[in-house]
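Chemist: Handing you a structure now.
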Amino acid sequence: MEQSIVFQFIVWYFFETPKEILKTWRNFLLFNFNYFSIPLLLKTLFSHWRKYKYSYGRGFDIHRYFDTFSFNIISRGIGAVVRIFVIIAGIVCEILVLILGAIIFIGWLMLPVFLILGFYYGLKILL
(Lines give C-alpha, C1' and ligand atoms only; values in the text may rest on other atoms or scores of the structure.)
Protein backbone atom coordinates (compact mmCIF):
# COMPACT_ATOMS: atom_id res chain seq x y z
CA MET A 1 0.00 0.00 0.00
CA GLU A 2 1.48 3.32 -1.09
CA GLN A 3 1.62 6.14 1.42
CA SER A 4 2.22 9.78 0.78
CA ILE A 5 5.71 11.11 1.28
CA VAL A 6 4.44 13.53 3.94
CA PHE A 7 3.00 10.65 6.00
CA GLN A 8 6.23 8.67 5.57
CA PHE A 9 8.24 11.68 6.76
CA ILE A 10 6.03 12.11 9.83
CA VAL A 11 6.33 8.43 10.73
CA TRP A 12 10.10 8.55 10.23
CA TYR A 13 10.62 11.82 12.09
CA PHE A 14 8.33 11.29 15.07
CA PHE A 15 8.31 7.50 15.53
CA GLU A 16 11.27 5.71 13.97
CA THR A 17 14.06 8.20 14.65
CA PRO A 18 13.13 8.94 18.29
CA LYS A 19 13.10 5.18 18.92
CA GLU A 20 16.61 4.94 17.47
CA ILE A 21 17.77 7.97 19.48
CA LEU A 22 16.49 6.32 22.68
CA LYS A 23 18.23 3.03 21.81
CA THR A 24 21.49 4.85 21.11
CA TRP A 25 21.16 6.86 24.32
CA ARG A 26 20.61 3.63 26.28
CA ASN A 27 23.69 2.06 24.64
CA PHE A 28 25.83 5.05 25.62
CA LEU A 29 24.60 4.84 29.22
CA LEU A 30 25.29 1.10 29.42
CA PHE A 31 28.71 1.46 27.77
CA ASN A 32 29.71 4.22 30.18
CA PHE A 33 28.51 2.16 33.16
CA ASN A 34 30.54 -0.85 32.02
CA TYR A 35 33.56 1.19 30.91
CA PHE A 36 34.08 2.57 34.41
CA SER A 37 33.22 -0.84 35.97
CA ILE A 38 31.25 0.81 38.74
CA PRO A 39 29.70 -2.41 40.17
CA LEU A 40 33.09 -4.16 40.23
CA LEU A 41 34.78 -1.15 41.82
CA LEU A 42 32.11 -1.04 44.52
CA LYS A 43 32.60 -4.77 45.23
CA THR A 44 36.38 -4.42 45.48
CA LEU A 45 36.45 -0.97 47.10
CA PHE A 46 38.81 -1.93 49.94
CA SER A 47 40.95 -4.43 48.05
CA HIS A 48 44.70 -3.97 47.88
CA TRP A 49 46.00 -1.49 45.35
CA ARG A 50 47.23 -3.52 42.35
CA LYS A 51 47.30 -6.58 44.64
CA TYR A 52 50.38 -5.24 46.41
CA LYS A 53 50.44 -6.98 49.77
CA TYR A 54 53.01 -8.55 52.02
CA SER A 55 52.72 -11.92 53.64
CA TYR A 56 53.08 -12.15 57.40
CA GLY A 57 55.41 -15.10 57.05
CA ARG A 58 56.06 -17.86 59.55
CA GLY A 59 56.63 -17.29 63.20
CA PHE A 60 55.85 -14.16 65.15
CA ASP A 61 58.04 -11.10 64.99
CA ILE A 62 56.25 -8.00 66.30
CA HIS A 63 58.28 -5.60 64.15
CA ARG A 64 57.66 -7.58 60.93
CA TYR A 65 53.99 -7.99 61.89
CA PHE A 66 53.43 -4.22 62.26
CA ASP A 67 55.42 -3.45 59.11
CA THR A 68 53.34 -5.91 57.11
CA PHE A 69 50.10 -4.78 58.73
CA SER A 70 50.78 -1.08 58.09
CA PHE A 71 51.82 -1.69 54.48
CA ASN A 72 48.69 -3.75 53.81
CA ILE A 73 46.45 -1.08 55.38
CA ILE A 74 48.11 1.65 53.31
CA SER A 75 47.75 -0.48 50.17
CA ARG A 76 44.04 -0.93 50.88
CA GLY A 77 43.66 2.81 51.59
CA ILE A 78 45.32 3.78 48.31
CA GLY A 79 43.13 1.27 46.48
CA ALA A 80 39.99 2.70 48.07
CA VAL A 81 40.94 6.30 47.27
CA VAL A 82 41.73 5.54 43.62
CA ARG A 83 38.56 3.47 43.22
CA ILE A 84 36.43 6.22 44.78
CA PHE A 85 37.84 8.78 42.32
CA VAL A 86 37.14 6.45 39.37
CA ILE A 87 33.59 5.80 40.65
CA ILE A 88 32.98 9.54 40.98
CA ALA A 89 34.35 10.15 37.46
CA GLY A 90 32.09 7.40 36.12
CA ILE A 91 29.02 8.84 37.83
CA VAL A 92 29.84 12.34 36.54
CA CYS A 93 30.21 10.97 32.99
CA GLU A 94 26.96 9.04 33.39
CA ILE A 95 25.15 12.22 34.45
CA LEU A 96 26.64 14.13 31.50
CA VAL A 97 25.52 11.42 29.06
CA LEU A 98 22.07 11.48 30.66
CA ILE A 99 21.76 15.27 30.31
CA LEU A 100 23.19 15.41 26.78
CA GLY A 101 20.94 12.55 25.68
CA ALA A 102 17.89 14.36 27.02
CA ILE A 103 18.93 17.57 25.25
CA ILE A 104 19.43 15.73 21.96
CA PHE A 105 16.13 13.85 22.25
CA ILE A 106 14.08 16.93 23.16
CA GLY A 107 15.97 19.01 20.59
CA TRP A 108 15.11 16.50 17.86
CA LEU A 109 11.44 16.65 18.73
CA MET A 110 11.49 20.47 18.91
CA LEU A 111 13.24 21.05 15.56
CA PRO A 112 9.98 21.41 13.56
CA VAL A 113 8.75 24.00 16.07
CA PHE A 114 12.02 25.93 15.73
CA LEU A 115 11.72 25.74 11.94
CA ILE A 116 8.20 27.18 11.97
CA LEU A 117 9.17 29.89 14.47
CA GLY A 118 12.23 30.72 12.36
CA PHE A 119 10.09 31.20 9.24
CA TYR A 120 7.55 33.25 11.20
CA TYR A 121 10.06 35.62 12.78
CA GLY A 122 12.09 35.81 9.57
CA LEU A 123 9.04 36.92 7.62
CA LYS A 124 8.10 39.28 10.44
CA ILE A 125 11.51 40.96 10.18
CA LEU A 126 11.26 41.23 6.38
CA LEU A 127 7.75 42.69 6.39
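The values are calculated or read from the model by the stated rules, or taken from the named source; none is laboratory data. None of these values were measured; they are calculated from a predicted model. Glycine gets a Cβ as well: all are built from the backbone with ideal geometry, and neighbour counts include every protein chain shown.
Chemist: If you check ARG58 against the conditions, is it basic (Lys, Arg), free of Cβ contacts under 8 Å to residues at least 24 places away in the same chain and not in a loop (DSSP other than H, G, I, E, B)?
Modeler: Judged against the criteria, ARG58 is not a match.
Chemist: Name the residue, out of PHE46, PHE33, that is farther than 25 Å from PHE9 by Cα and assigned to a loop (DSSP other than H, G, I, E, B). Full working, then the answer.
Modeler: Values: PHE33 fails: assigned to a loop (DSSP other than H, G, I, E, B).
None of the other options fit; the residue is PHE46.
Chemist: Six or more apart or on different chains, Cβ atoms under 9 Å: show the pairs whose first residue is in segment 96-110 and surrounded by fewer than 12 Cβ atoms within 10 Å (Cβ to Cβ) and at pLDDT below 95 and whose second is in a helix (DSSP H, G or I) and among the hydroxyl-bearing types (Ser, Thr, Tyr).
Modeler: Note: no pairs meet the criteria.
Chemist: Out of all the residues in segment 35-57, which are at pLDDT 75 or above and of a type in the set (Lys, Arg)?
Modeler: LYS43
Chemist: Just one of (1) touching a residue at least 24 places away in the same chain (Cβ under 8 Å); (2) part of a helix (DSSP H, G or I) trips up PHE15, so point out which.
Modeler: The failed condition is (1).
Chemist: Check LEU41, LEU22 and return the single one that is under 20 Å from ALA102 (Cβ atoms) and either of a type in the set (Lys, Arg) or within 26 Å of the chain's Cα centre (by Cα) (or both).
Modeler: The conditions single out LEU22.
Chemist: When you check LEU41 against the structure, is it within 24 Å of TRP25 (Cβ to Cβ) and surrounded by 14 or more Cβ atoms within 10 Å (Cβ to Cβ), yes or no? Don't jump to the end; show me each part of the working.
Modeler: On the way: within 24 Å of TRP25 (Cβ to Cβ): yes; surrounded by 14 or more Cβ atoms within 10 Å (Cβ to Cβ): yes.
So LEU41 passes the test.
Chemist: On to the next question. Of the numbered conditions (1) β-branched (Val, Ile, Thr); (2) modelled with pLDDT under 85; (3) surrounded by 12 or more Cβ atoms within 10 Å (Cβ to Cβ), ILE62 satisfies every one except a single condition; which is it?
Modeler: The failed condition is (3).
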